[in-house]
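Every number in this text was worked out from the coordinates using simple rules, so none of it is lab data. All values derive from a computational prediction rather than experimental measurement. Note: ideal-geometry Cβ built from the backbone for every residue, glycine included; neighbour counts use all protein chains shown.
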């Protein structure tokens, strides 16, 4: 995939920034950001019409092939206003990654006007599950030309508003797991809506499959390779979302500290407050650099991309948790209130941190990959 | 063991002062009445039973109801707490209360807090109001209100207290003497015949909508507020008083943060806790008296917020422990893996160290704070072993005498040592920061360990995370508390330094 020119990238950034500032912000103003409202659904549909769901999908598969960097900048701009929509886009795109790579024809950017509801284009995916290190709860059994899935899967993102999902399952007598496309509209699926800490406008549910028809959509190497591919690539997108959260937090913090008086002066003049704002800005700059580096490594197809994205994700999440907490800190009691957006960012940053598995588990798993990829640690003696 | 003459040359008064700053717990072993430990055991057992039978079964329901219904108030819960006698447990026995020593309140609050911080606050904030009332040393009013709380409880009626200090344009400014005069304080008390008329608004008043008495700080001259503060008691049915909105908070949703609106609200002199006319005979200036009152109140209340932080740290650790015992990673239970054991140990350390610091603050309060007279062994054992009716009668007789209030104020404000105020207030700030930071650290570690389980509403940890964040904000933000620690313990090394000063900007 050829990287975009700066001009093309800037156009995409501008489009996403305007969309977030006008359309998404309006949807939240009207109906709030604590549930998936009809107004929010309209914003999701608009995002689809603007091709935000097609950025990483190759042109040959019906996307626009803009690449990871463009995708990251769109998710970042959206997350400055609200992360839930970015999570919805990320989930769908993650779900499509392997089927599209296998050439399966399940996503075409055609007949946008014929789309009746968001269910027509959204794809559900267990964004918070690490099926490599933790138990895969679903099993698949051959039936006719396809498979049927059984079991209980928790935290299926978009499970109650997408028509299809891509989920991992174990095949009997096989130690590896594989990904399957499953129809969520079948009678054999039973859903229970789940509420969580953050990203409240991104619907999540627990789902029970009872011999639900499914189609295999894993690469020949199996689910472990597929998951590695998805998590490496979209961990960078998650970094961009966390960065958007941080930038939104700093913007609101700066606005507030210039207006709020204590001790007869705007609180931005208090050196302790300046120090906190400075820490926030430093973290944002570092995060910008990490995302930029990861995108460059990806565009140059370097073998160390997975350790770059893993390390960027771990550090950006830690920074985002600190910065969003500091965003509340500088605003005092007001920062804790639901009327302002800081508390939502605090919750969203912590919710995104658990994507693709717990952070502590990622830290443990990082070392092996790092040593393998880094020549200096692999030199033989003698 | 007496210090030998040859070693007396090593004694430095300055160093001894610093040594005593950090050894209240150690020194308490000789000065504290022995049966206080028994009292602590009792209140912990009461709290644990209340947590298991009342708090735990209703945590989820109350959080959900408060999220979905803006008008929801946890009346059922506060009535239950009243039935169990929780609102009079720590009211001193001479005033008709349960008489448990205030040194035990933090053990009690930690136990309640591990059930739910919001519900623990529904009990704790009542004692904040009570502490604020007692800091005025208006014995007649303290006796009157104490008896009203006790009598109402016996009749099954509620009589809770709240504290109204923060204003829309003055948060930190309302709580620090150095900042008040430059602040934008708007709650004005105008002297009228027979009392005061208050006009203004107070916000973020915990329990405001559930309380019957509100301890209000208002100002006769907001431009010199530090010298012109009035502490008054306002009852719910007062003319000119109304309850405003409830804030929509991220967490601790079960405990309302209320707006109180005063519109020419008349408060008779009998309900004025303390004002400049009452302290005219003292040597200290009104601003020095107000500073000392704040120091005592914050010294006690911040230690309690610190213990809420310990409760949060403990709850997060317990959730992480349960998760580790039930969950496999790389085909082995987490609890069997060293890195997880180490993480859990770190969470345990955070909790235990913060708790130890809180006990030091508790002892600093017990020996040097508002309630120190209750810890003098003679007084303690007289109250414990004299029949309650006799003590109450004597107490009421003493409290009715104006000379008693004047004498207590004279001793408290004119004869109290600066180092005692430093110790109480400084330790209050220290454990507020340490405890609440420990709570947030453990919440973060638990989320990092538990992944998607930790962020689900139905699994417990996400509520602890939301509730804990507020602890770093109320009772003075942690930033203000750090500056206060500098003022109380470090400024003495460079006396020309000022704190909370424009010169430091």
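Any idea what angle helix A:223-259 forms with the longest principal axis of chain A, computed on alpha-carbon atoms, 0 to 90 degrees, nearest 10?
Approximately 20 degrees, to the nearest 10.
For the stretch A:199-254, what percent of Cα pairs sit more than 18 Å apart?
Percentage above 18 Å: 65.
For the stretch B:297-369, just run the numbers: alpha carbon Rg, then divide by 2.2 N^0.38 Å, N being how many residues it has.
1.46
Other chains' Cβ within 10 Å of A:189-195 residues: what's the mean?
The per-residue average across the peptide is 2.
For peptide B:80-86, what's the mean number of Cβ atoms from other chains within 10 Å of each residue's Cβ?
Mean inter-chain Cβ contacts per residue within 10 Å come to 0.
Sticking with the crude label model, points 7 Å out along Cα→Cβ, report the distance from residue B:415 to residue B:56 in nm, one decimal please.
Each label point lies 7 Å from its Cα, and together they span 5.0 nm.
What ranking do B:238-246, A:205-213 get when scored by the average of other Cβ atoms within 10 Å per residue, highest first?
Descending packing order for the listed peptides: A:205-213, B:238-246.
Using 20 Å bins from zero, what percent of all Cα-Cα pairs in chain A falls into each bin?
For chain A, the binned pair fractions read 28, 57, 14, 1 percent.
Helix A:305-335 sits at what angle to the longest principal axis of chain A, using alpha carbons and giving 0 to 90 degrees rounded to 10?
For helix A:305-335, the angle is close to 40 degrees.
If you average 1/r over every pair of different alpha-carbon atoms in the protein assembly as shown and take one over that average, what Kirkwood value in Å do you get?
29.6 Å
Counting other beta carbons within 10 Å of each residue's own, what order do B:408, A:239 fall into, fewest first?
If I rank by nearby Cβ atoms, fewest first, I get B:408, A:239.
Show log10 I(q)/I(0) for chain B at q = 0.06, 0.07, 0.11, 0.13 Å⁻¹, two decimals, from a solvent-free Debye sum over equal Cα scatterers.
With one equal scatterer per Cα and no solvent, log10 I(q)/I(0) is -0.28, -0.38, -0.95, -1.33.
Quick check: Cα centre of the stretch B:445-505 to Cα centre of the stretch B:122-161, how many Å?
Taking the Cα centre of each part, the stretch B:445-505 and the stretch B:122-161 sit 29 Å apart.
Suppose the Debye formula is applied to equal point scatterers at every Cα of the stretch B:29-159; what is log10 I(q)/I(0) at q = 0.11, 0.23 Å⁻¹?
Reported log10 I(q)/I(0), two decimals: -0.42, -1.43.
Would you mind listing how long the stretch B:286-504 runs along its three principal axes, going by Cα atoms, in whole Å with the largest first?
74, 55, 27
Once you compute Rg and the Kirkwood Rh from C-alpha atoms, what is the Rg to Rh ratio for the stretch A:228-346?
1.09
For a quick check: sort B:424, A:371 by the number of other beta carbons within 10 angstrom, fewest at the front.
A:371, B:424
Within 10 Å of each Cβ of B:455-462, how many other protein chain Cβ atoms are there on average?
That works out to 5 on average.
Hull surface divided by four, with the convex hull built on the Cα atoms of the stretch B:355-433: how many nm²?
6.5 nm²
Give me B:298, B:371 sorted ascending by neighbouring Cβ count inside 10 Å, so fewest comes first.
With the fewest neighbours first, B:298, B:371 line up as B:371, B:298.
Using just the helices of the protein assembly as shown, give the 222 nm mean residue ellipticity in deg cm²/dmol: DSSP H runs with n ≥ 4 each add -39,500 (n - 2.57), and the total is spread over all residues, rounded to 500.
Mean residue ellipticity at 222 nm (helix-derived): -16500 deg cm²/dmol.
Work out, in µm²/s and without decimals, the Stokes-Einstein translational diffusion coefficient of the stretch B:162-279 at 4 °C, 1.567 mPa s, Rh from Kirkwood over C-alpha pairs.
91 µm²/s
What is the angle, in °, between the Cα long axis of helix A:359-373 and the longest principal axis of the Cα atoms in chain A? Nearest 10 is fine, range 0 to 90.
Here the helix axis deviates by roughly 70 degrees.
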